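Take a look at the structure below.
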Amino acid sequence: MPDGTTANEKVGGIAAEALKQYVERIERLEEEKKALSEDLKQVYAEAKSTGFDIKILRKIISIRRIEAHDRREQDELIALYKTALGME
């Protein structure tokens, strides 16, 4: 290896090659995450430019991630709390 360590050599008790592989994988994933984030921003901008409310769109996406039975339970609790607070 260019730094003088072998593939399985431990440096300071650390498997140097394994560490390097983890770091490189994390770096690649971070780059992919950044690219996906940019793509998401672009899609939201497109939706906004066609007249959709982005805040509501984000809320709908968040709601869709929740299982139907959990969503119903949350809706019931929200309604109960709103009634208790005189909001309905």
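Name the lysines eligible as straight-distance cross-link partners of residue 41: C-alpha to C-alpha under 26 Å, and not fewer than 8 places from it in the same chain.
Counting by Cα, and skipping residues close in sequence, residue 41 has these lysines nearby: 33, 55, 59.
With a ≥ b ≥ c the root eigenvalues of the C-alpha gyration tensor of the range 19-87, is it rounded (a/c under 1.5), prolate (a/b larger than b/c) or oblate?
Since a/c reaches 1.5 but b/c is at least a/b, the shape of the range 19-87 is classed as oblate.
Report the full-extension gain for the segment residue 45 to residue 26: residue separation times 0.36 nm, less the Cα-Cα distance, to one decimal in nm.
Difference between extended and current length: 4.0 nm.
Around residue 33, under 11 Å between beta carbons, what's the net of Lys plus Arg minus Asp minus Glu among the other residues?
On the way: positive: 28, 34; negative: 27, 30, 31, 32, 38, 39.
Net charge around residue 33: -4.
Where does each of 40, 57 land when they are ranked from fewest to most other beta-carbon atoms within 10 angstrom?
Result, fewest neighbours first: 40, 57.
Give the cross-link partners of residue 20 among the aspartates and glutamates, using a straight C-alpha distance below 13 Å as the criterion and excluding same-chain residues fewer than 8 apart.
Hits, sequence-local ones excluded: 3, 9.
Can you find, among 29, 62, 51, the residue farthest towards the positive end of the dipole of the chain? Put +1 on the C-beta of Lys and Arg, -1 on that of Asp and Glu.
Towards the positive end, the residue furthest out is 51.
Rounded to whole Å, give me the distance from the Cα center of the range 66-88 to that of the range 19-56.
About 31 Å separates the Cα centre of the range 66-88 from the one of the range 19-56.
Nearest 10 degrees is fine. How inclined is helix 54-64 to the longest principal axis of the chain, computing both from alpha carbons?
That works out to roughly 80 degrees.
Taking the chain as the reference, fit the longest principal axis to its C-alpha atoms, fit the long axis of helix 68-84 to the helix C-alpha atoms, and give the angle between the two in degrees, 0 to 90, nearest 10.
With rounding to tens, the tilt is 50 degrees.
Taken together, the values in this text are just the output of simple stated rules run on the coordinates, not laboratory data. Only a predicted model underlies this, so the values are computations on that prediction, with no experimental measurement involved. All Cβ positions, even for glycine, are placed from backbone atoms using ideal geometry, and neighbour counts span all protein chains on display.
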